[in-house]
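Accompanying notes for the structure given below.
The values are calculated or read from the model by the stated rules, or taken from the named source; none is laboratory data. As the structure is a computational prediction, the values presented were derived from the model and not from experiment. Ideal geometry is used to build each Cβ from the backbone, glycine not excepted, and the neighbour counts take in all protein chains shown. We work out accessible area using only protein heavy atoms, side chains counted, and drop any ligands, DNA or RNA first. Shrake-Rupley method; radii C 1.70, N 1.55, O 1.52, S 1.80 Å.
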Amino acid sequence: MATSYLLRCSSLVAVLVLLFSIGMTEGAIREYQFDVQMTNVTRLCSSKSIVTVNGQFPGPTVFAREGDLVVVRVVNHVPYNMSIHWHGIRQLRSGWADGPAYITQCPIQSGQSYVYKFTITGQRGTLWWHAHISWLRATVYGAIVILPKPGVPYPFPAPDKEVPIMFGEWWTADTEAVISQALQTGGGPNVSDAFTINGLPGPLYNCSAKDTFKLKVQPGKTYMLRIINAALNDELFFSIAGHPLTIVDVDAVYIKPITVETILITPGQTTNVLLTTKPSYPGATYYMLAAPYSTARSGTFDNTTVAGILEYEDPASPSPAAFNKNLPVLKPTLPQINDTSFVANYTGKLRSLATAEYPADVPREVDRRFFFTVGLGTHPCAVNGTCQGPTNDTRFAASVNNVSFVLPTTALLQAHFTGRSNGVYSPNFPAAPLVPFNYTGTPPNNTNVSNGTKLVVLPYGASVELVLQGTSIQGAESHPLHLHGFNFFVVGQGFGNFDPVKDLARYNLVDPVERNTVGVPAAGWVAIRFRADNPGSKPASTS
């Protein structure tokens, strides 16, 4: 894309963002400056230069209240194109500020800047922001903390302190080189070298004891942990030894509180939990552990464990904030790496609060139904090419309904807004697989998928049901799905092939959990419902 075109695109979008933002907020204006810059960071005894915001890894937390107008000026000082996605923000009438490059905006070129403006409407809880171009979100990410309006309490006991907990992945190699090699060869990208908690790998990794996140607590207090999975590729189990966790919020939506020993969190999801400390000094410290959930074959994911430490202030110490370093350290027991039963039971327990103040407004009737298969297929290797797919003459290709998305060179929202969509995208994405097959059984002989920039166009106000069916073509895996600009209700899920008669009868239309990101079960399906009440929003994305 030519430089002049990119600059014109950015100017158009900036003007439209300004117009859409006028008169949209009843709250305060929260202004932030994001300087995207290269920063030297050392992890696992190895140093490299990474892309950061304001030199921080993870990046700065954005604080706001429901109803506030958030204004973020992003200045790009790095040699890569950049865009920032505000993951989970509804972006009502501000779709231009959503952030995915070439979808709702042209990327911010090196040396250029862009101002994001959006009002937080009807949301409170924890969300997050991240780069939305290439693999730059491996290091460019941070938390969004949305407090209720002034004077509005939480629908649960107020905690004594709130702490963001962000899971991430760390590659010793340059992550842009990792994804570039994968795209060139069609093989799976090299897995990360470590997981991190708030950017730190912790004592279970080589040379990392000094890089350990420590949660320092006092007896008899309640802490709200705002947990975010910013990892690129892995769903994670998380537990703290000796301390049950009460879940009160997922994806910035309150739920009926449930107390668990372990949570599961998919890339892109957030989970707020209440941690109540022991009533008196326990004489021990406690590991907090996160490790992957995966049904994929070994070697295709990072099969390691990240640890942080929960430690209590010692009341016997002369210092009011001293910690005894010689105490025993207790470890939690996490589920087995492929424990699909645990995952199904856990996700099945999540329920919307469904009160008069916080209703579960799930569509009872449906105007449009879609059935999307999600999984890995193949592309033929180019003539004289070198490929590293499932066979030497193929490349891996992710697809939905056998269509592998081709990123356009013109932002989709701009093409639609200017009436110049011809040649940019086609509005004929299939509502169901063109050739049905046994999705979770023996794979078909031909695993090749098609390419295209195809969209589903929805009428404003339509109620939508989308069934996402996992496939086993290249092995059964769980696939995260995020819907930009919308929350949705998870009305049903199960294993095997979706049965439109039997499974539909078991839907929960009373208090289903409301989310913006969901994991499509390995060798299974999930059904979601939402209302198309946000014009200009981006379609779903999977990982």
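Data for the structure
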{"item": "Accessible surface of segment 399-543, 1.4 Å probe, proportion on carbon and sulfur as whole %", "result": "55"}
{"item": "1.4 Å probe accessible area per residue over the chain, in Å²", "result": "41"}
{"item": "With DNA, RNA and ligands ignored, accessible area of Glu365 (1.4 Å probe; Å², nearest 10)", "result": "140"}
{"item": "Two-decimal Rg/Rh across segment 293-428, once Rg and the Kirkwood Rh are taken from alpha-carbon atoms", "result": "1.14"}
{"item": "Residue-span extension gain [Gln336 to Thr442] - 0.36 nm each, minus C-alpha spacing", "result": "35.6 nm"}
{"item": "Peptide ranges 99-108, 250-259, 54-63 listed from the most packed, as the mean C-beta count within 10 angstrom indicates", "result": "99-108, 250-259, 54-63"}
{"item": "Gyration tensor (alpha-carbon) shape descriptor, segment 222-365, a/c threshold 1.5", "result": "oblate"}
{"item": "Relative contact order computed over the chain (Cα-Cα under 8 Å; 6+ residues apart), in percent", "result": "13"}
{"item": "Hull-based mean projected area of segment 51-132, where the convex hull spans the alpha carbons, in square nanometres", "result": "5.1"}
{"item": "Trypsin sites (Lys or Arg not before Pro) restricted to DSSP loop in segment 323-374 with at most 16 other C-beta within 10 Å", "result": "Lys325, Arg364"}
{"item": "Distant alpha-carbon pairs in segment 190-286 (separation over 23 angstrom), percent", "result": "32"}
{"item": "Calculated SAXS-style log₁₀ I(q)/I(0) at q = 0.14 Å⁻¹ - segment 346-390, Debye, Cα scatterers", "result": "-0.69"}
{"item": "For Phe118, distant residues with modelled amide H under 5 Å away", "result": "Val70"}
{"item": "The chain: Cα Rg divided by the 2.2 N^0.38 Å rule of thumb", "result": "0.95"}
{"item": "Spatially proximal lysines relative to Lys48 (Cα-Cα < 20 Å; intrachain offsets below 8 disregarded)", "result": "Lys210"}
{"item": "Global geometry of segment 484-526, whether rounded, prolate or oblate, following the gyration tensor of its Cα atoms and the 1.5 cut on a/c", "result": "oblate"}
{"item": "Gain on full stretching of the segment that runs from Asp35 to Ala432 - 0.36 nm per residue minus C-alpha separation", "result": "138.6 nm"}
{"item": "For the chain, size of Cβ-based charge dipole, Lys and Arg +1, Asp and Glu -1, in debye", "result": "440"}
{"item": "Carbon and sulfur %, accessible surface of segment 156-234 computed with the full protein complex present, 1.4 Å", "result": "51"}
{"item": "Positive dipole terminus of the chain, leading residue within Phe417, Leu215, Phe370 (C-beta point charges)", "result": "Phe417"}
{"item": "Cα-Cα over 29 Å, subset of Lys149/Lys214; Lys117/Lys214; Lys278/Lys349; Lys161/Lys349", "result": "Lys149/Lys214; Lys117/Lys214"}
{"item": "3J(HN,Hα) from dihedral phi, segment 527-537, Karplus parametrisation 6.51/-1.76/1.60, rounded to Hz, x for glycine, proline", "result": "10, 10, 10, 7, 9, 7, 10, 9, x, x, 6"}
{"item": "Under 19 Å from the Cα of Lys325 - aspartates and glutamates, other chains or at least 8 residues apart", "result": "Asp211, Glu311, Glu313, Asp314"}
{"item": "Taking segment 124-214 and dividing mean pair separation by its residue count, relative contact order in percent (alpha carbons under 8 Å, at least six apart)", "result": "22"}
{"item": "Over segment 232-290: Rg over Rh, Cα atoms, Kirkwood Rh", "result": "1.01"}
{"item": "Amide H contacts under 5 Å for Asn448, placed H, 5+ residues apart", "result": "Thr378"}
{"item": "Inter-probe distance in nm under a simple model that places probes 7 Å from Cα toward Cβ, at Asp367 and Phe323", "result": "5.4"}
{"item": "Rg(Cα) / (2.2 N^0.38 Å) computed for segment 408-521, rounded to two decimals", "result": "1.26"}
